[in-house]
Ligand SMILES: N[C@@H](CCC(=O)N[C@@H](CS)C(=O)NCC(=O)O)C(=O)O
């Protein structure tokens, strides 16, 4: 049985898993879980990932949640080129350091900007108040500053000369606010140059393919079935409090 990946490419962590598998010629069957249709709450998906999140993986009778765990599993099982998840102790520790930090920084704040600028207005029919928006933008700016100053410094990639899982996970998160109309790369030459190197390292065609849906999300927003987004309302309420 071929390995199954449960993904929705609107999701940042799904795009990292998708691009990693494709880039490394890992054979897999793509199982599309449409988040905007609430398919993560369907009974069958609950058996794959009781956390009700994508990405998820099934390899025979083994199931796995969490993008970082999935990326590491794929790197180790398929012995992908060493630079992705280096065997060198200190380089690997640098990758782990970024992967441990990003959840509460670039990911959390980039996602919030996506929700505030894009999802919440669709779901509620109203714009998010300016003071709340300013607050999340400030947090995102701080994360990007820390990314440049602590994680990237003057290196081509996070761990040095070569691309790793850390860069892959970083770029997908940074593309989320871009998809909501906030070009975070504008006015940040160092970050833009890094983005271009990462795109090159992944392969432009693959990068564009993985990001095609999210970068068009604004165009399809009017076509979304709002009744299917009802289950997001409780979350929106929490986010705005
Ligand atoms: N920590 C998890 C986060 C997964 C996650 O939050 N996935 C989102 C999409 S980006 C999801 O499935 N959301 C569906 C929902 O919350 O209903 C990972 O890295 O895989």
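Determine Rg/Rh for region 4-80; Rg is computed over alpha-carbon atoms and Rh is the Kirkwood hydrodynamic estimate from the same atoms.
Numbers: Rg = 11.6 Å, Rh = 12.3 Å.
Across region 4-80, the Cα-based Rg/Rh ratio is 0.94.
Nearest 0.05, what FRET efficiency do residue 213 and residue 149 give at R0 = 41 Å with Cβ-Cβ as r?
Values: r = 32 Å, r/R0 = 0.78.
The calculated FRET efficiency here is 0.80.
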> Working out 0.36 nm times the residue gap between residue 41 and residue 225, then minus their Cα-Cα distance, what length gain in nm do you get to one decimal?
Replying inline: 64.6 nm
> Just 44, 225, 61 to compare: in a GNM of the chain, with alpha carbon springs under 10 Å, which one fluctuates most?
Replying inline: 61
> Hey, can you rank 4-13, 63-72, 121-130 by average C-beta count inside 10 Å, highest first?
Replying inline: 4-13, 63-72, 121-130
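Using Cα-Cα distances under 8 Å and only pairs 6 or more residues apart, what relative contact order does region 4-80 have, in percent? Could you put the intermediate results ahead of the total?
Values: 102 pairs, mean separation 25.2, N = 77.
This gives 33 percent for region 4-80.
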> Between 222, 162, 39, which gets the highest mean-square fluctuation from a Gaussian network model of the chain, Cα cutoff 10 Å?
Replying inline: 222
>> Given contacts defined as C-alpha pairs under 8 Å and at least six residues apart, what's the relative contact order of the chain, whole-number percent?
In response: 23 percent
>> With only alpha-carbon atoms in the gyration tensor, what are the semi-axes of the equivalent ellipsoid for region 89-240, in Å, largest first?
In response: 29, 17, 14
>> Rounded to whole Å, give me the distance from the Cα center of region 7-25 to that of region 131-203.
In response: 18 Å
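Please give the FRET efficiency for residue 77 paired with residue 51, using the beta carbon to beta carbon distance and R0 = 22 Å, rounded to the nearest 0.05. Please report the intermediate quantities before stating the final value.
Details: r = 21 Å, r/R0 = 0.97.
It comes to 0.55.
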>> Test of understanding: in a Gaussian network model of the chain with alpha carbons linked when under 10 Å, which of 118, 135, 45 would top the mean-square fluctuation ranking?
In response: 135
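Bear in mind that the values in this text are calculations on the coordinates, not laboratory data. Please read all numbers here as calculations on a predicted model, not as lab measurements. FYI the Cβ positions are ideal-geometry reconstructions off the backbone, even for glycines, and counts take in every protein chain you see.
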